[in-house]
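Worksheet: the structure to be examined is printed underneath.
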Amino acid sequence: MAKIEFEAFVEDVISGGAGVFGLKTAETHSRKDDQGKWQTVARTFRTVKASRDAGVSFDGFVKGDKVTVTGAEKTEVREWQGKKLYDLVVWADSVVPAGRQPVGVAPVVDAGPVWNTADETPF
């Protein structure tokens with residue numbers, strides 16, 4: 001399984017008898033057109049799941065939310081009406097609203113220049 005981190009929009013919240021257990025997401029791929037406007041040219045659809053041990057909660061997410069997902073990506077095969085279907089699944093280590101850090105991850109702090117400005121000049 002490949003490690004991955006991506007931002008995507010929630011397309012659907014997956015729930016069952018035990019409650020919410022995953023998300024269907026769409027990652028947009030855009031480029032600027034001739035007028036300089038961003039146009040969506042493709043989407044990558046993924047199902048996001050988590051093991052019970054991962055401690056990931058999907059509660060509170062709704063369609064349209066932008067999320068940041070980290071985890072391991074895997075193609076899973078299933079059969080439906082006699083045909084094989086291939087689903088792109090991410091087994092999540094974390095799922096957070098886009099722009100927020102996962103719990104337990106130290107924030108990046110800008111400590112300023114790495115030289116002593118009184119004694120050194122970087123030029």
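The values are calculated or read from the model by the stated rules, or taken from the named source; none is laboratory data. What you are looking at is a predicted structure, and each value in this text was computed from that prediction instead of being measured. All Cβ positions, glycine included, derive from the backbone under ideal geometry; neighbour counts span all protein chains shown.
Among the numbered criteria (1) modelled with pLDDT under 90; (2) β-branched (Val, Ile, Thr); (3) surrounded by 13 or more Cβ atoms within 10 Å (Cβ to Cβ), which one does residue 40 miss? Of (1) modelled with pLDDT under 90; (2) β-branched (Val, Ile, Thr); (3) surrounded by 13 or more Cβ atoms within 10 Å (Cβ to Cβ), only one is false for residue 40: (3).
Here is a yes/no grid of residues against (1) in a loop (DSSP other than H, G, I, E, B); (2) without any contact (Cβ under 8 Å) to a residue 24 or more places away in the chain; (3) surrounded by 10 or more Cβ atoms within 10 Å (Cβ to Cβ); (4) within 11 Å of the chain's Cα centre (by Cα):
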{"site": "14", "(1), (2), (3), (4)": "no, no, yes, no"}
{"site": "21", "(1), (2), (3), (4)": "no, no, yes, no"}
{"site": "48", "(1), (2), (3), (4)": "no, no, yes, yes"}
{"site": "63", "(1), (2), (3), (4)": "yes, no, yes, no"}
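Right, residue 26: surrounded by 10 or more Cβ atoms within 10 Å (Cβ to Cβ) and in contact (Cβ under 8 Å) with a residue 24 or more places away in the chain or not? For residue 26, the condition - surrounded by 10 or more Cβ atoms within 10 Å (Cβ to Cβ) and in contact (Cβ under 8 Å) with a residue 24 or more places away in the chain - is not met.
On the basis of being modelled with pLDDT of 90 or more and surrounded by fewer than 16 Cβ atoms within 10 Å (Cβ to Cβ), does residue 80 make the cut? Taking the combined requirement at face value, the residue satisfies it.
Just to be sure, is residue 55 touching a residue at least 40 places away in the same chain (Cβ under 8 Å) and exposed (fewer than 14 other Cβ atoms within 10 Å of the Cβ)? Judged against the criteria, residue 55 is not a match.
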